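Down below is the structure, laid out as C-alpha cells.
The values are calculated or read from the model by the stated rules, or taken from the named source; none is laboratory data. None of the values given here were measured: they were computed from a predicted structure. Please note: Cβ atoms are built from the backbone with ideal geometry, for glycine as well, and neighbour counts cover all protein chains shown.
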Amino acid sequence: MCYNRGTEAAETAGAGLPQKGEKPRKGSGEMHNELTRKDLQMMREELDYRRITLRPQLLEAVKEARGFGDLSENFEYKAAKQEKNRNESRIRFLENMIRTAVVISDQAAPDTVGLYDKVTVYLEEDDETETYQVVTTMRQDALHGRISKESPVGSALLGKRVGDRIYIQVNDNYGYYVVIKAIEKGEDDGSVPLNRF
C-alpha cells in the first residue's frame, strides 16, 4: 500500500495526515484509518448531505413534533429526536474518520491481489471455494463477500498471486489454509457503498 498526501482529497481531509511515505504517528492516542481517495470523496458527499440537507429537515421535524402536546407521551417527538440524534452521531463518525484518514493507493501489481479485487480461494479443510472482494474498512460487508483489508483473510490475501497457498491466522488457537484460484482485478469506482450503522 502506498501512503499518499499530495492530492486534493488528502489536503481537504483535514490537518495531520501523514506525508507521502510516512506511517501514522504511534502514541498519538488516535487510530488512523487507511482509506482511498474515493472513500474520502464518498464520505464528504454524505457528510455534506447530512449537514446541509438532512440536519435542517430533522430539526424542523423535532420542532413540529414538539407542538403535538405533552412531551412525555409524544411518540412523534421521541422518534424525531432519535432520528436527529442518529444523524448527528453519523456526522461525528464521518468527521472523525476523515480527520484521522491516511490516504492509501488502491493500485496493485497486475498479477497480485489488491484493493477492490475479487479473489476466488479454495478452502482446503472445507473442500470448497469462496470468492471475496478485498475492500477498506469503510466498505466491508461480510454478507456480500466484501472483506476488510485489515481482517485476517484480507490482510493475508493482499499482495499474493494465483496459486499461492496461504495460512489464515484467525486467532491464537485457529487458522486454516487457502489456495488462490483466481484474481479478478477491480477498481475503486464507487460502486461499493459505505458502511451504515
Subset of the stretch 65-98, residues touching a residue at least 40 places away in the same chain (Cβ under 8 Å) and either touching a Leu at 6+ places or on another chain (Cβ under 9 Å) or among the β-branched types (Val, Ile, Thr) (or both), comes to Arg90, Ile91, Leu94, Glu95, Met97, Ile98
Regarding the stretch 75-98, can at least one residue be identified that is surrounded by 18 or more Cβ atoms within 10 Å (Cβ to Cβ) and β-branched (Val, Ile, Thr)? yes
May I ask you to list the residues in the stretch 170-197 that are closer than 22 Å to Ala108 by Cβ and either among the charged types (D, E, K, R) or part of a strand (DSSP E or B) (or both)? Val178, Val179, Ile180, Lys181, Ala182, Ile183, Glu184, Lys185, Glu187, Asp188, Asp189
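Results for (1) on the phi > 0 side of the Ramachandran plot; (2) not polar (S, T, N, Q); (3) not assigned by TED's automatic domain parsing to the domain that holds Lys38, shown as yes or no for each residue.
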| position | (1), (2), (3) |
| --- | --- |
| Ser89 | no, no, no |
| Arg99 | no, yes, no |
| Leu123 | no, yes, yes |
| Asp126 | no, yes, yes |
| Tyr132 | no, yes, yes |
Cβ contacts < 8 Å: first residue of a type in the set (Lys, Arg), restricted to the stretch 165-191; second residue in a strand (DSSP E or B), any location; separation 6+ or different chain. Result? Arg165/Tyr177; Arg165/Val178; Arg165/Val179; Lys181/Thr120; Lys181/Val121; Lys181/Tyr122; Lys181/Thr129
Residue count, the stretch 119-151 (criterion: surrounded by fewer than 16 Cβ atoms within 10 Å (Cβ to Cβ) and outside any strand (DSSP E or B)): 9
